[in-house]
Amino acid sequence: MFRCTLVVCGRGVAKRFASSFPGESALPPNLLLPTNLVDPARLRRPPPPADCSLPLLRKCDAVVPAHLSPVQTWVETLARLDGEPLGLAQLHPDVFAVHPRLDILHEVETWQRNYKRISHASTKIRSEVRGGGRKPWKQKGSGRARHGSIRSPLWKGGGVANGPRGPTSYFYMLPMKVRVQGLKVALSSKMAQQYLHIVDSLNIPSPDPQYLLDLIRHKHWGESLLIVDVGEEFPENILQATASLKTVNIIPAIGLNVHSMLKHEAVVLTLETIKFLEDKLLWHDQRYTPLYPFKLPYSDFP
Amino acid sequence: MSFPKKPGGKALDVLQNLPRITLANLRPEPGARKTLHKQHGGNRSGRGHKGERQRGNRPRLGFEGGQTPFYLAIPKYGYNEGHSRRPQYQPLSLKRLQYLIDLGRVDPTQPIDLTQLVNARGVTIQPLKRDYGVQLVDEGADIFASKINIEVQRASEGAVAAIERNGGVITTGFYDPISLGILIKPVPFFLRGQPIPKRMLPGEDMVPYYTDAENRGYLADPEKIQQARLALAKKYGYILPDISKDELYHMLAMRKDVRQIFFGLAPGWVVSMPEKKILKTTDEKLLKYYSS
C-alpha cells in the first residue's frame with residue numbers, strides 16, 4: 001500500500017536519484033522504470049474552488065441524496081488550443097463518486113473478454129481417428145504388449161484422450177446490476193485520478209488529426225483518448241480527425257464499456273453524454289425486479 | 001450528520017496518489033478465486049483397499065445390504081396425491097399490504113387488483129404452478145388502517161372484517177389460469193396481438209364459494225352481501241362505516257363484470273401497444289360471443 005509513496009515519476013525519479021548520488025550525473029543506462037508511473041508534467045488541475053467565477057453549466061437532474069454532495073468539475077472546450085475552462089459542471093455522486101471497487105472492475109473486464117469467446121480447438125478421440133477397428137495382433141503369443149486398436153491414445157497417431165472437444169463457448173452473463181456498477185466504478189476511478197474531462201461539444205475547427213494531437217499534448221491529457229458523445233451523428237471534423245488516429249477513438253454513449261475506458265488513458269465526455277449516462281445508470285439503483293425481460297416495453301424504462 | 005460527506009469517502013482520495021488503473025493492474029479480490037485441487041497421487045488413487053469400493057462395484061443408492069430399505073419399509077399414503085390438481089393461492093398478509101400502501105407502491109385511491117399487486121412486486125404469482133391467485137390472510141389485522149377497494153381470490157374472515165372495519169370494500173373473484181396469466185403480465189399479452197378473452201366462470205367445486213355472501217363472492221347477491229357485512233360487524237364488534245356517504249364512493253363501488261379481466265377493457269378488444277390504439281370488433285357474431 002505504501003508503494004505509491006515511493007513512486008513519483010519517470011524523469012523526476014531519475015533526477016532525484018541523480019541528485020542523491022553526487023558522483024553520478026547521468027541516468028544509468030540499464031534503468032528500467034514501470035510505464036504506469038504518474039507523470040508530474042500532467043496538469044493536475046485542482047478541483048474548482050467554491051468561490052469560482054465561472055458559470056455553472058450543468059446541475060444534476062436527478063435528486064442527490066442528502067448525505068452526499070455533487071462532484072464539481074471543469075468544463076473545457078476542444079475548439080481552442082489555449083486550454084482555459086468554459087465553466088463548471090456538477091456530476092451526480094452516485095455515478096461519478098462511488099467506492100472504487102476494483103474487484104468489480106476486474107470481474108466486468110474478464111466478462112467482457114470471455115463472454116464472446118468461442119474456442120474452436122478440437123481434437124479427435126480414438127473412435128473418430130480413421131482406422132483402428134481391428135485388433136492389431138492376437139492377445140497372446142506374439143511377445144508384444146496387448147493392444148485392441150491402433151488408434152488408442154497410447155499409440156503414435158492415435159486419438160487424444162482428454163483433449164479439447166469441438167467449439168466450446170465461454171458465454172456467461174454477469175448480473176445486470178454488477179455490469180452497471182462496473183461502469184459507475186470505472187467512471188468514478190477516472191474522475192478520482194483526474195483522467196476524466198468534460199467538454200461542451202465536439203466541434204473542432206479543422207479535420208486535421210494533428211490538431212487533436214497538439215490539443216492533447218498542450219493540455220497534458222495523456223497518450224490515448226476516448227471520446228464519448230450521445231447521438232447518431234457526430235461532427236464531420238472530429239470523425240475525420242479520429243479516423244486515422246490509432247490512440248484517439250470516438251464511440252457513441254451506448255458503446256461505453258469498462259474495457260475501452262481502462263485501455264485509453266483519458267476519457268472525454270460531453271454534457272449530453274453525462275445526462276444520458278446519469279439517467280441510464282441511476283435508474284438501476286431504484287428499480288423493481290423485472291417481471292418480463294427489459295426488451296419489452298416498461299412505462300418507466302429510461 | 002447533517003453536513004454532506006465527501007462522496008466516495010477516503011478510498012477515492014487514496015486513489016488520487018496511486019498509479020493509473022489500467023488493464024494490467026486489475027486482479028481479483030484475494031480469496032475470490034479458490035483453486036480446486038483434484039486428487040493426485042496416493043497408493044490406490046484415493047479409492048481405499050480392495051472390495052467394492054476400490055473396484056467400483058457398490059450397490060445402488062438406498063440399498064441396505066438386503067434389509068428392507070427405508071424407502072420401501074415405510075407404507076405409502078396419499079399425502080401428495082393429486083397435488084398438481086389442487087388450486088394454490090399465494091398468501092398476502094394485511095401487514096404486507098399495509099407496508100406496500102405506506103411505501104407508496106400500491107395506490108389506495110384506485111381499485112387494488114392482482115395486476116396492481118404484481119406491478120408493485122408485492123406478491124409473486126406463478127400460474128404454471130397451479131396458482132389460482134392471491135388469498136388475504138389476517139396477520140396484521142390489528143394494525144391495518146387503510147380504506148381500499150381490493151379484489152382477491154380468497155379471503156379469511158378476519159381479513160374481510162379488518163378491511164370493512166376501515167371502510168373499505170373487498171370482493172373475491174375467480175380467474176381461470178389463462179386469464180390469470182394475462183392479468184399478472186398484461187404487457188407481454190398485449191404484445192401478442194390477441195383479443196382479450198372473456199374470463200371463464202368457476203368450476204363446480206368453486207361455485208358455492210363464489211356465490212356465498214360470507215366470502216364476498218363476485219357471483220353473490222348484493223343484498224345478501226350487505227346483510228353479511230352487518231352480521232360480520234356484529235360478530236367482530238365494530239361499527240360498520242357507511243361507504244355510500246364517502247367521497248371515494250364511486251371508486252369503492254367499482255367492480256369488474258363477471259367476464260371482464262381488466263378494468264376499462266372489455267373482452268374482445270385488441271390493444272395495440274406500438275400504435276397505442278384499442279381495436280374493437282364490429283362483427284355481430286363476435287360481439288354476441290364476447291358479450292355472452
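The values are calculated or read from the model by the stated rules, or taken from the named source; none is laboratory data. As the structure is a computational prediction, the values presented were derived from the model and not from experiment. Note: ideal-geometry Cβ built from the backbone for every residue, glycine included; neighbour counts use all protein chains shown.
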| request: Answer yes or no as to whether residue B:71 is over 14 Å from the mean Cα position of the chain (by Cα), surrounded by 10 or more Cβ atoms within 10 Å (Cβ to Cβ) and assigned to a helix (DSSP H, G or I). | output: no
| field | Looking only at the range B:155-198, and only at residues there that are assigned to a loop (DSSP other than H, G, I, E, B) and within 14 Å of chain A (Cβ to nearest Cβ), the one that is modelled with the highest pLDDT | value | B:185
| message | Under 6 Å between Cβ atoms, which residue pairs at least 6 apart in sequence (or on different chains) link something in the range B:217-238 that is more than 15 Å from residue B:157 (Cβ to Cβ) and modelled with pLDDT of 95 or more with a partner that is assigned to a helix (DSSP H, G or I) and of a type in the set (Ser, Thr, Tyr)? | response | B:219/B:210
| request: Being hydrophobic (A, V, I, L, M, F, W, C) and touching a strand residue (DSSP E or B) at 6+ places or on another chain (Cβ under 7 Å) is the filter here, so list the residues in the range A:240-266 that pass it. | output: A:248, A:250, A:251, A:253, A:256, A:261, A:266
| message | Any residue in the range B:90-106 that is of a type in the set (Val, Ile, Thr) sitting within a Cβ distance under 8 Å of a residue that is outside any helix (DSSP H, G or I) and surrounded by 15 or more Cβ atoms within 10 Å (Cβ to Cβ)? List the pairs, counting only those 6 or more apart or interchain. | response | B:101/B:108; B:101/B:146; B:101/B:148; B:106/B:112; B:106/B:120; B:106/B:122
| Residue check for residue B:68: over 30 Å from residue B:264 (Cβ atoms) and of a type in the set (Val, Ile, Thr) | yes
| request: Look at residue B:150 and say whether it is assigned to a strand (DSSP E or B), touching a residue at least 12 places away in the same chain (Cβ under 8 Å) and over 13 Å from the mean Cα position of the chain (by Cα). | output: yes
| Can you tell me which residues in the range A:106-156 are among the β-branched types (Val, Ile, Thr) and away from every other protein chain (no Cβ under 14 Å)? | A:118, A:123, A:125, A:129, A:150
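Conditions (1) surrounded by 16 or more Cβ atoms within 10 Å (Cβ to Cβ); (2) within 24 Å of residue B:166 (Cβ to Cβ), marked per residue:
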site: B:192; (1), (2): no, no
site: B:201; (1), (2): no, no
site: B:207; (1), (2): no, no
site: B:212; (1), (2): yes, yes
site: B:215; (1), (2): yes, yes
site: B:226; (1), (2): no, yes
site: B:238; (1), (2): no, yes
site: B:245; (1), (2): no, yes
site: B:259; (1), (2): yes, no
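Do we find a residue being under 19 Å from residue A:77 (Cα atoms), part of a loop (DSSP other than H, G, I, E, B), more than 14 Å from chain B (Cβ to nearest Cβ) and in contact with a helix residue (DSSP H, G or I) (Cβ under 9 Å, 6 or more places away or on another chain) anywhere in the range A:191-201?
Taking every residue of the range A:191-201 in turn, at least one turns out to be under 19 Å from residue A:77 (Cα atoms), part of a loop (DSSP other than H, G, I, E, B), more than 14 Å from chain B (Cβ to nearest Cβ) and in contact with a helix residue (DSSP H, G or I) (Cβ under 9 Å, 6 or more places away or on another chain).
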| field | From A:187, A:183, A:174, residue being under 18 Å from the mean Cα position of the chain (by Cα), of a type in the set (A, V, I, L, M, F, W, C) and not in a helix (DSSP H, G or I) | value | A:174
| Can you tell me how many residues in the range B:207-216 are part of a loop (DSSP other than H, G, I, E, B) and either without any contact (Cβ under 8 Å) to a residue 60 or more places away in the chain or within 14 Å of another protein chain (Cβ to nearest Cβ) (or both)? | 4
| said: Restricting to the range A:253-266, and then to whatever is in contact with a Phe, Trp or Tyr (Cβ under 8 Å, 6 or more places away or on another chain) and either among the acidic types (Asp, Glu) or away from chain B (no Cβ under 12 Å) (or both), can you tell me which residue is farthest from residue A:190 (Cα to Cα)? | reply: A:253
| query | Which numbered condition trips up residue A:174, out of (1) modelled with pLDDT of 95 or more; (2) within 13 Å of another protein chain (Cβ to nearest Cβ)? | reply | (2)
| task | Could you grab me the full set of residues in the range A:95-147 that are over 15 Å from residue A:257 (Cβ atoms), of a type in the set (A, V, I, L, M, F, W, C) and surrounded by 12 or more Cβ atoms within 10 Å (Cβ to Cβ)? | result | A:95, A:96, A:97, A:98, A:102, A:125, A:129, A:137
| remark: For residue A:185, the lone unmet condition from (1) of a type in the set (Val, Ile, Thr); (2) away from chain B (no Cβ under 14 Å); (3) buried (at least 21 other Cβ atoms within 10 Å of the Cβ) is (2)
